[in-house]
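*Asks:* Structure provided below as structure tokens; questions to follow.
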């Protein structure tokens, strides 16, 4: 895989581009091979909190690819069986590409 994708709240962008993506409470960074799948995991929380979400590209050539593991986040049948990869280290800033803003849909 050349690229992976990580979704986060937009408010985290400055810190991420300054310091990299930090591991979560379980010691892992969760990524997907598709930006839309990465977005799905955070979209429900973001909607509930009325927060904006972005998806960040990660270039795997800057990671120790042997440490990427198949992961499972949430309910795979609900989220459409996405390809989830976990990484047990912080993602360095040199591995970060561009980010994409998620389109916000207005409720009727």
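*Asks:* I'm checking my understanding of the structure. Among residues of segment 49-70 that are assigned to a strand (DSSP E or B) and either touching a helix residue (DSSP H, G or I) at 6+ places or on another chain (Cβ under 9 Å) or within 20 Å of residue 12 (Cβ to Cβ) (or both), which one is modelled with the lowest pLDDT?
*Replies:* 53
*Asks:* For segment 1-31, what are the residues that are over 18 Å from residue 93 (Cα atoms) and touching a helix residue (DSSP H, G or I) at 6+ places or on another chain (Cβ under 8 Å)?
*Replies:* 1
*Asks:* Any residue that is within 12 Å of residue 5 (Cα to Cα) and either surrounded by 10 or more Cβ atoms within 10 Å (Cβ to Cβ) or at pLDDT 85 or above (or both) - is there at least one of those in segment 71-78?
*Replies:* no
*Asks:* Would you call residue 23 in contact with a strand residue (DSSP E or B) (Cβ under 9 Å, 6 or more places away or on another chain), modelled with pLDDT under 90 and farther than 16 Å from residue 3 by Cα?
*Replies:* Criteria not met by residue 23.
The values are calculated or read from the model by the stated rules, or taken from the named source; none is laboratory data. Owing to the predicted nature of the structure, the values given are computational and were not obtained by experimental measurement. Ideal geometry is used to build each Cβ from the backbone, glycine not excepted, and the neighbour counts take in all protein chains shown.
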